[in-house]
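Below is one structure, written out as C-alpha cells, with a few remarks after it.
The values are calculated or read from the model by the stated rules, or taken from the named source; none is laboratory data. Just so we're clear, the structure is a prediction, and the values are computed from it rather than from any experiment. Note that each Cβ is placed from the backbone with ideal geometry, even for glycine, and that neighbours are counted across all protein chains shown. Accessible surface is based on the protein model in full, side chains and every heavy atom, while ligands, DNA and RNA are left aside. Shrake-Rupley method; radii C 1.70, N 1.55, O 1.52, S 1.80 Å.
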Amino acid sequence: MKIKTILFLIVCSIWLVACNGNEETTKTIEIQELINFEEEKLDTLQLISDAKDIKVIEKTFKKAREFGEVDNKVVPQYKIKLNEDEYYLWIDNTITGTIANVNSRNMFYNIHASEEFKEAINYQEQK
C-alpha cells in the first residue's frame with residue numbers, strides 16, 4: 001500500500017512539473033500600436049512569445065521608477081498586456097521611456113528603454 005502511495009505522489013509531482021513547464025512556454029506578451037487611448041491601429045498586434053524577449057520586457061517593467069501623477073493628454077504609442085495587467089507605453093529614440101497602468105493612467109513610471117528592450121518590442125523609430 002505504501003509503495004502505491006509513493007508511486008502515485010511521484011507521478012503527480014512529475015505531472016505538476018510538466019504542466020508548469022508548458023505554462024512558461026505558452027506565455028505571451030501582447031503589444032498593440034495606438035491611435036488614441038481607446039482606439040488601436042489595425043493590423044499592428046504583436047504577440048511576443050520568445051522567452052528572452054519576455055524576460056527583457058518583464059525586467060524593464062520591474063525596474064520602473066515612479067515618476068509621479070500627471071494629467072497627460074499625449075497619446076502613447078503602444079498598449080502592452082503583460083501578465084494580467086495592461087500598460088500604456090510612451091517611447092522615443094532616447095534611452096528612457098514612460099509607462100502607466102491602463103487602470104491608473106495618471107501615475108507614470110520611467111523605464112530604461114535599452115536597445116535590447118526596443119528590439120524585444122520591435123520598436124521602429126518614428127521619422
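For the stretch 19-109, what class follows from the C-alpha gyration tensor (a ≥ b ≥ c being the square roots of its eigenvalues): rounded when a/c is under 1.5, otherwise prolate if a/b is larger than b/c, else oblate? Prolate. Multiply the residue separation of His112 and Asp92 by 0.36 nm, subtract the distance between their alpha-carbon atoms, and state the gained length in nm to one decimal. Extra length from His112 to Asp92 when fully extended: 6.1 nm. Share of carbon and sulfur in the accessible area of the stretch 65-127 stands at 43%, probe radius 1.4 Å.
Length gained on full extension, Ser104 to Val74: 9.3 nm, using 0.36 nm per residue less the C-alpha separation. For the peptides 50-57, 61-68, the ranking by packing is 50-57, 61-68, with the highest mean count of neighbouring Cβ atoms within 10 Å listed first.
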